[in-house]
4 protein chains.
Amino acid sequence: MTDCNRYILTAHCPGRQGTIDAVTGFLAQQNCYVLEMASFDDRDTNRFFVRIEFDACSRLTEDFEGFTADLQERVEPFQMQWEIHDACRQLPVVIMVSKYDHCLNDLLYRSRTGKLPIEIRAIVSNHPDLEPLAQWHQIPYHHLPITPVTKQQQEQNLLQIVSDSGAELVILARYMQVLTEELCELMQGRVINIHHSLLPGFKGAKPYHQAYEYGVKMVGATAHYVTPELDEGPIIDQIIESVNHSFTIEQLVEKGQDTECLTLARAVKHHAEHRVFLNGRKTVVFG
Amino acid sequence: MTDCNRYILTAHCPGRQGTIDAVTGFLAQQNCYVLEMASFDDRDTNRFFVRIEFDACSRLTEDFEGFTADLQERVEPFQMQWEIHDACRQLPVVIMVSKYDHCLNDLLYRSRTGKLPIEIRAIVSNHPDLEPLAQWHQIPYHHLPITPVTKQQQEQNLLQIVSDSGAELVILARYMQVLTEELCELMQGRVINIHHSLLPGFKGAKPYHQAYEYGVKMVGATAHYVTPELDEGPIIDQIIESVNHSFTIEQLVEKGQDTECLTLARAVKHHAEHRVFLNGRKTVVFG
Amino acid sequence: MTDCNRYILTAHCPGRQGTIDAVTGFLAQQNCYVLEMASFDDRDTNRFFVRIEFDACSRLTEDFEGFTADLQERVEPFQMQWEIHDACRQLPVVIMVSKYDHCLNDLLYRSRTGKLPIEIRAIVSNHPDLEPLAQWHQIPYHHLPITPVTKQQQEQNLLQIVSDSGAELVILARYMQVLTEELCELMQGRVINIHHSLLPGFKGAKPYHQAYEYGVKMVGATAHYVTPELDEGPIIDQIIESVNHSFTIEQLVEKGQDTECLTLARAVKHHAEHRVFLNGRKTVVFG
Amino acid sequence: MTDCNRYILTAHCPGRQGTIDAVTGFLAQQNCYVLEMASFDDRDTNRFFVRIEFDACSRLTEDFEGFTADLQERVEPFQMQWEIHDACRQLPVVIMVSKYDHCLNDLLYRSRTGKLPIEIRAIVSNHPDLEPLAQWHQIPYHHLPITPVTKQQQEQNLLQIVSDSGAELVILARYMQVLTEELCELMQGRVINIHHSLLPGFKGAKPYHQAYEYGVKMVGATAHYVTPELDEGPIIDQIIESVNHSFTIEQLVEKGQDTECLTLARAVKHHAEHRVFLNGRKTVVFG
């Protein structure tokens, strides 16, 4: 852990009386000063979620193992699953792209200027096109072309890159390949994708063209965790903007891409700040 | 025509060289002062649309028939279909409702306070519930209950009410009955409906419940012209707002209803100001 | 208290270690089930704020005095100021208006249809114009015309109406008179006002006309608590919308009034749900 | 002129009968096909504005001088000032920056990827910090440090760079120096600035800190033409976003900077597409 003095406790468990007190009582007893706290009790799924930011107390920094052992003892009766994160640590990530660079460019900029608490360890692409952008930012670029024959092997290579780089999140920044079901399940909750959001929902190829034919008055984007159901995983964030009849198909796409950048950046930020919890097919986001 | 001194010319025709000049040249020759003008040339559908607001010239007020005959002669070579509207006239409308009153209340308020250039000639409902609201506003209320047996007859009654009242637009302000295909075709471009807009698009019953299960982060509404394809007619306007995990299903619905009010009011306003043109399955809206 | 089974605890005190644990620990010990909780620790003002929604426990309903006495004992060392509210109770309010009715109409509608947890006990105005609207909703209307001579006395009459009606909040729904400094101080945190928000900030008379001259591209509204500094009290909410060069001054005003309705309704809702805390010249709003 | 086949005619003159017909009649007579047209007649300033996009006709490309001479003859009676622009030409610009790079980075990206029809001929800064970014994009970087003594001379150097590079627009992308009154007047309508928009309007140093102290619920940005009145020039565009009590001053600034990027990019785009007209202290923007 770094010399940063701030920590984040995230936890979830079945909803029942006393859950909040278990964690806040423990932190109080350990003299940890709570800075920000949010909790949510989902009556439908009967799950409780809590996120607490607090200043490090001496015990945590001097005896981390003892601290966490005591925490575990306290919350065990609640079947609580918890994590403690260093609030100042940048989340190591791998970004996957194809040829569109708008989301990649945006993530690189926000990361470089400290607006996004991530450390981009590697960029992986099924095309070579975006390597110069990676080079300027001095980030390793792996070209893993995909064919039906190579797909399985390339996903193994991807997993190797993720593992070697220590990445804890994979960001699909307009990566135009569908991941295999196995990979989706293996990486559950650790892969974020961005895709268009058009009203009404259009399926299949060329969604913007369909939306254009239909005369939509809004375009937007959805950021979600990847699941084996294509583009149907738990939603983290959505942004929508207005358009009108005078938009050409190119202008529609451009407006849509602006929303893709913003939506993906916001979703990644919330994830990296440990504000997002999976809750069945939904998410809880302490924004 | 009233003594208002402002007119609106709307016209559309196949797109070709000279269309704009035909109308602006005519108005110039007649000494009509153009106040506001918008045109659009759709290269895909090859249709030209124009809307011009202008001050009345003496010929128009003194010899309306001669004026329009000359206009027709000038634009006939372009196969132009045109209309001239008194800009200060309130559009006569009939509103249809069931039990939800949020849209009706909003339309009544905006009409009463001059924010919406419509004159509500009658309110038609398949339920008696909203009659007191109509009474306070001194608007005739027609209760036309619908059963599979009575549906055809009641639509005849509706047409009679529309005809007797001189209404030129029917507004479905959360009217929960599907109109028959015949009625939709008969009234093409003269019936505006409001329905929810949820991302991704949910079909079938209880859309808000589906959206809630799905964990959407946005809710909204679409106003559109009614066509035989249920909820798929040409879109006039859409408004979307953000929601989050803490919204109950009731709060989702409430937020959605707020957007329904605003979207419907805006669409009706644009229609009543002759800003909306049908363009195949799309619209052109000079906002 | 009614038979509703849900309560809200709000509290604030100087920020120090253990504040959250004090309240959550107490509720846990009393077997009160926490449904929703939000807290905020303002490092600048060194104030801690917390809002907890919880299901009633048997002790609270059977021995309310004992329950609150124990709570007070527990939180006294923190100098905590707290309140317990019945979550299902409608907040009694008095609305003040002049001649504009858009905000009043919106509040009446939302109150009547259960969208706003308030009970409008009286409407007070310095003009007689809006009495018919009050009558239809069967709400007492008090006409208190203001002149420099009568102002002091009419404010006494207002206080009497507030007191007699049991109102806990006064809503200035476009009330065009400035309250005296004495009244502002007496009612601190219990009077909400709505006023325009135009960029850049225009002072003085006819702000929309100034904004129009200036060519603003946005109009909006701010809801705030009233303080002796005119239109400068702690902000509860703000909403802004886009406009363009083609807006007439009338259209600017109309768009501005739409945002006034929405902003005021949202601020009142947050206040009535006990989500708003005064924090020096700012607010904390658990949205 | 390039081989692009599309042109834009912009014109303005005193408002009077026949203005539209003069330009559309001329284009019709020349067999130029009008694609998009917008006009506005400002009754307050009594100015007429029109923007027409049209396909090149043979005369324009083969005899440009004859074409424009005939146009001038036709519109002279209206005292019309007009320009014809090649719609496919990228506007040459110079960007000025200090140390903040968010707006520069955004403009570079949008320019490089064809989203903004500008060609960045040079970057000028009073600091050396952003030179590496310019180098990667292979754009000349001029470091012109400013002191009270050097200011006049450096503005001369700036004018030389603008002149040598052929730039037609100067973009102040968070350039933290005030331009002299002489420069503002010399470059009227050709310098776009971005600055914060906070409600209510804060003047003076550290505006975000003032806004933070004040507890604003929205932050935003205004793009405007530069005039001798500091930050008061004609507004081209404004964007505003919501914030809340939990935002730190850093988060306020970050959100504000996001809106600065978007607002500046949109204003530059509108200017480069010849959609913006000066109209006294306001603008007309055909969006």
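Descriptive notes on the structure:
- Chain C, helix-only ellipticity at 222 nm - DSSP H runs n ≥ 4, -39,500 (n - 2.57), divided by all residues, nearest 500: -10500 deg cm²/dmol
- Residue-averaged beta-carbon neighbours from other chains (10 angstrom radius) around A:14-22: 6
- For the stretch A:164-180, Karplus couplings with θ = phi - 60° (6.51, -1.76, 1.60), whole Hz, Gly/Pro x: 4, 7, x, 5, 10, 8, 10, 10, 8, 8, 6, 8, 8, 9, 7, 6, 5
- Highest-first arrangement of B:266-279, D:211-224, where packing means the average Cβ count within 10 Å: D:211-224, B:266-279
- Axis-nearest residue of A (beta carbon) for the A-onto-D rotation, whole Å: A:TRP136, 3
- C-alpha center-to-center spacing [the stretch D:108-183, the stretch D:12-53] in angstrom: 35
- Phi-based couplings in Hz for the stretch C:7-20 (Karplus 6.51, -1.76, 1.60; Gly and Pro marked x): 10, 10, 9, 10, 7, 8, 6, x, x, 7, 4, x, 5, 5
- Scoring B:69-75, D:37-43 by mean Cβ neighbours within 10 Å over their residues and listing the highest first yields D:37-43, B:69-75.
- Peptide-level mean, for C:106-113, of C-beta atoms on other protein chains within 10 Å: 3
- Across the identical copies, how the B:ALA205 labels are spaced - nm, sorted shortest first, 7 Å along Cα→Cβ: 3.8, 6.2, 6.8
- Sorted peptide list for C:89-101, B:77-89, criterion being average Cβ within 10 angstrom, highest first: C:89-101, B:77-89
- The mean count of C-beta atoms from other chains within 10 Å of the C-beta of residues in C:246-253, rounded to a whole number, is 2.
- Efficiency of FRET from Cβ geometry, D:GLU83 and A:ILE249, R₀ 35 Å, rounded to 0.05: 0.75
- Globularity index of the protein assembly as shown is 0.98 (Cα radius of gyration / 2.2 N^0.38 Å, N = number of residues).
- Interface area, chains A and B: about 2700 Å² of buried accessible surface, summed, with a 1.4 Å probe and ligands, DNA and RNA left out.
- Residues whose amide H comes within less than 5 Å of that of A:SER197, counting only those at least five positions distant or on another chain, are A:GLY220, A:ALA221, A:THR222 (H built at 1.01 Å from N in the peptide plane).
- Each label was represented as a point 7 Å from its Cα along the Cα-to-Cβ direction; for A:HIS209 and B:GLU232 these points are 1.9 nm apart.
- Cα gyration tensor, the stretch B:3-86 - rounded (a/c under 1.5), prolate or oblate: prolate
- Given +1 at the Cβ of Lys and Arg, -1 at the Cβ of Asp and Glu and no other charges, the dipole of the protein assembly as shown around its Cα centre is 0 debye to the nearest 20.
- Our coupling estimate for the stretch D:92-106, obtained by passing each phi through the Karplus curve with A = 6.51, B = -1.76, C = 1.60 and θ = phi - 60°, is x, 9, 10, 10, 10, 9, 10, 10, 5, 10, 5, 6, 4, 4, 5 Hz, Gly and Pro reported as x.
- Comment: the Cα-to-Cβ extended label point of B:GLN188, at 7 Å, lies 5.2, 5.4, 6.8 nm from its counterparts in the other copies, nearest first.
- For the stretch C:215-270, a/c is not less than 1.5, where a ≥ b ≥ c are the root eigenvalues of the C-alpha gyration tensor, and a/b tops b/c. That puts it in the prolate class.
- Dividing the mean sequence gap of close Cα pairs (under 8 Å, 6+ apart) by how many residues chain A holds gives a relative contact order of 16 percent.
- Rolling a 1.4 Å probe over the protein heavy atoms gives chain D an accessible area of 41 Å² per residue.
- Neighbourhood net charge (13 Å Cβ-Cβ; Lys/Arg +1, Asp/Glu -1) for C:GLU213: 0
- Computed over protein heavy atoms with a 1.4 Å probe, the carbon and sulfur contribution to the accessible area of the stretch C:3-86 reaches 41%.
- Rounded tilt (10° steps) of A:64-75 against the dominant C-alpha axis of chain A: 90
- Of all lysines in the structure, those lying under 17 Å Cα to Cα from D:LYS206, and not within fewer than 8 positions of it along the same chain, are D:LYS99, D:LYS255.
- Annotation: amide H-H contacts under 5 Å for B:LEU35 (H modelled 1.01 Å from N, sequence separation of 5 or more, or interchain): B:GLU53, B:PHE54, B:ASP55.
- Rounded if a/c under 1.5, otherwise prolate or oblate - chain A, Cα gyration tensor axes: prolate
The values are calculated or read from the model by the stated rules, or taken from the named source; none is laboratory data. Worth saying up front: this structure is predicted, and the values here are computed from it rather than measured. Every residue, glycine among them, receives a Cβ derived from its backbone with ideal geometry; neighbour counts consider all protein chains shown. In case anyone asks, the SASA skips ligands and DNA or RNA and just uses the protein heavy atoms, side chains included. Shrake-Rupley method; radii C 1.70, N 1.55, O 1.52, S 1.80 Å.
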